[in-house]
1. Could you tell me which numbered condition Ala13 fails, if it satisfies all but one of (1) under 15 Å from the mean Cα position of the chain (by Cα); (2) outside any strand (DSSP E or B); (3) surrounded by 14 or more Cβ atoms within 10 Å (Cβ to Cβ)?
2. In this structure, is Lys39 in contact with a Phe, Trp or Tyr (Cβ under 9 Å, 6 or more places away or on another chain) and among the basic types (Lys, Arg)?
3. Just one of the numbered conditions (1) touching a Leu at 6+ places or on another chain (Cβ under 8 Å); (2) not in a helix (DSSP H, G or I) is not true of Asn135; which one?
4. Counting only residues that are surrounded by fewer than 16 Cβ atoms within 10 Å (Cβ to Cβ) and among the small types (Gly, Ala, Ser), which one in the range 69-106 is nearest to the chain's Cα centre (by Cα)?
5. For the condition in a loop (DSSP other than H, G, I, E, B), touching a residue at least 12 places away in the same chain (Cβ under 8 Å) and closer than 21 Å to Thr127 by Cα, what is the one hit in Gly101, Gly85, Gly45?
6. In the range 3-31, which residues are among the acidic types (Asp, Glu) and farther than 24 Å from Thr43 by Cβ?
7. May I ask you to list pairs of residues, at least six apart or on different chains, whose Cβ atoms are under 6 Å apart, with the first in the range 50-64 being in contact (Cβ under 8 Å) with a residue 60 or more places away in the chain and the second being aliphatic (A, V, I, L, M)?
8. When the residues of the range 16-48 are narrowed to those that are in contact with a strand residue (DSSP E or B) (Cβ under 8 Å, 6 or more places away or on another chain), of a type in the set (Val, Ile, Thr) and within 18 Å of Glu70 (Cβ to Cβ), which ends up surrounded by the fewest Cβ atoms within 10 Å (Cβ to Cβ)?
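The values are calculated or read from the model by the stated rules, or taken from the named source; none is laboratory data. Since the model is a prediction, treat every value here as computed from it, not as a measurement. Positions of Cβ are generated from backbone atoms using ideal geometry, with glycine treated the same way; all protein chains shown enter the neighbour counts.
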Amino acid sequence: MTKEIKTEILINARPESVWAILTAFDQYPDWNPFIKSIKGDGTVGNRLVVRIEPPEAKSMTFKPRVLAFEANKEFRWIGNLLFSGLFDGEHKFELIDHGNGTTTLIQSEHFKGILVSLFAKQLDNNTRRGFMEMNAKLKELAERN
């Protein structure tokens, strides 16, 4: 089974400003309502330690591998529950530069594995809400700077 969650928001700031906030991992506890911490280096191939707290759901810590880290454009990782094929998630932050001082942030995750159907309702509700809350807070910070 597979499932995708995709959210997007228009931010009145240049991609460089959005990227600076998105990649300042040490600042996440101060502002991010969904991803409470990221520890590690964003270099492709590296493992991160990520802790998420979806609204009205249990927090979870996992160790995804960085798949893409292209400044001002894309940050993507893949993580799994226990082992690959059980419940895998490929998370992506994509920045679209409109060339007029605005940026669209697309935050998405593609889930696959035998346990996806078991978590489908939580993904549609809690996880999607977490993405939207994070997007809104990132927009607020980027537009304030």
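1. (1)
2. In short, yes.
3. (2)
4. Only one residue fits best here, namely Ala71.
5. Exactly one residue qualifies, and that residue is Gly85.
6. First pass over the range 3-31, keeping only residues among the acidic types (Asp, Glu): 4, 8, 16, 26, 30.
Glu4, Glu8 - these are the residues of the range 3-31 that are among the acidic types (Asp, Glu) and farther than 24 Å from Thr43 by Cβ.
7. Cβ pairs passing all conditions: Ile52/Ile35; Ile52/Met60.
8. Result: Thr43.
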